[in-house]
Amino acid sequence: MKKVVFFIFSVIFLFLVSETTALASSTVDVDSSQVNEGIVRVKFNTGTTRKVKLLISKGEQRVQYNLSNSEAYIGFPLQLGDGTYTVGIYENTTDSKYRAVHTKSFNVTITDVKKVYLNSVQEISWRQDSQAVLLAGRLLQEATLKKQQSQKNTTVQLTDREKVNVLYSYVVNNISYDYDKIKTLNYDYLPNIDKTILDKSGICYDYSALLGAMLRSQGIPTKMVKGYTTWTSVYHAWNEVYLASENRWVVVDSTYDAYMKRNNQLFAFEKDTNVYQKVKEL
């Protein structure tokens, strides 16, 4: 009898160990520890090959993202204002049907909404050691030194508009539009800012992610905006940049300006908001 009991116990123990191991390697988690800074971090690593959506909602407002397997936590912005948020992860089952994998609700109170647009998030992903971020730091350092030398004043610093112009000018002057890339992309494509720097080319999504990351890394609140504009018939991406000294957001479209520059056409740094129709921002 003792042998039978021991055998059953051993089987149960092995089952629990194997189940725990499976859960450890297939993790779904929502980290809400920094929500008051305007960011929630999600880990999804089940190994599924099905489409997965992340839905962030507050009341009737909803923002949807594609979600892929990753061993790391991925940041997503909380830009719907203060209140109770619900984050849901949904996996495709058949056709357009999805099942809930994980949901979590939490309260959010953000002291300064501009902080939302300084974070590294899924579509504007950067680290302090990213090549694009290191480049941004060098460009601003060089521009600051040049200004100090010209004014013979070692204490003078760049204004926020000057900082924006330095990084914006780099993107416009050095990144070319890749007309073939859009034909090869999957539905869940995400920009890689360091690859854009290396390739010196990209689509509007890459332009806006690169400029957004470079500016955010230097403490300048920047949005990526998606929608439509009068100069192209297809879905487009651009930026809105906050100028603290002027206390306002300005529309910046580095994709359009790079095109105009390469065709020797006139263009302006700040765009008319009336020719841009915003659908989504982050």
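Worth pointing out:
- When the stretch 68-97 is filtered for residues that are small (Gly, Ala, Ser) and either assigned to a strand (DSSP E or B) or exposed (fewer than 12 other Cβ atoms within 10 Å of the Cβ) (or both), the ones remaining, listed by number, are 72, 75, 83, 88, 96.
- Taking every residue in the stretch 254-281 that is in the same structural domain as residue 238 (by TED's automatic domain parsing) and within 15 Å of residue 165 (Cα to Cα) and pairing it with any residue that is among the charged types (D, E, K, R) and modelled with pLDDT of 95 or more, at least 6 positions away or on another chain, the pairs with Cβ-Cβ distances below 8 Å are 267/257; 267/261; 269/257; 271/253.
- Among (1) surrounded by 12 or more Cβ atoms within 10 Å (Cβ to Cβ); (2) over 15 Å from residue 163 (Cβ atoms), the one test that residue 149 misses: (1)
- Test set (1) among the small types (Gly, Ala, Ser); (2) farther than 19 Å from residue 28 by Cβ; (3) more than 16 Å from the chain's Cα centre (by Cα) - residue 100 fails condition number: (2)
- Checking residue 114 against (1) in a helix (DSSP H, G or I); (2) over 24 Å from the mean Cα position of the chain (by Cα); (3) assigned by TED's automatic domain parsing to the domain that holds residue 40, the condition it does not meet: (2)
- Members of the stretch 128-156 found to be touching a residue at least 40 places away in the same chain (Cβ under 8 Å) and either over 32 Å from the mean Cα position of the chain (by Cα) or assigned to a helix (DSSP H, G or I) (or both), listed by number: 131, 132, 133, 135, 136, 137, 140
- Note on the stretch 208-231: among residues that are of a type in the set (Ser, Thr, Tyr) and touching a Phe, Trp or Tyr at 6+ places or on another chain (Cβ under 6 Å), the one that is nearest to residue 271 (Cα to Cα) is 229.
The values are calculated or read from the model by the stated rules, or taken from the named source; none is laboratory data. Note that this is a predicted model, so its numbers are computed, not measured. Please note: Cβ atoms are built from the backbone with ideal geometry, for glycine as well, and neighbour counts cover all protein chains shown.
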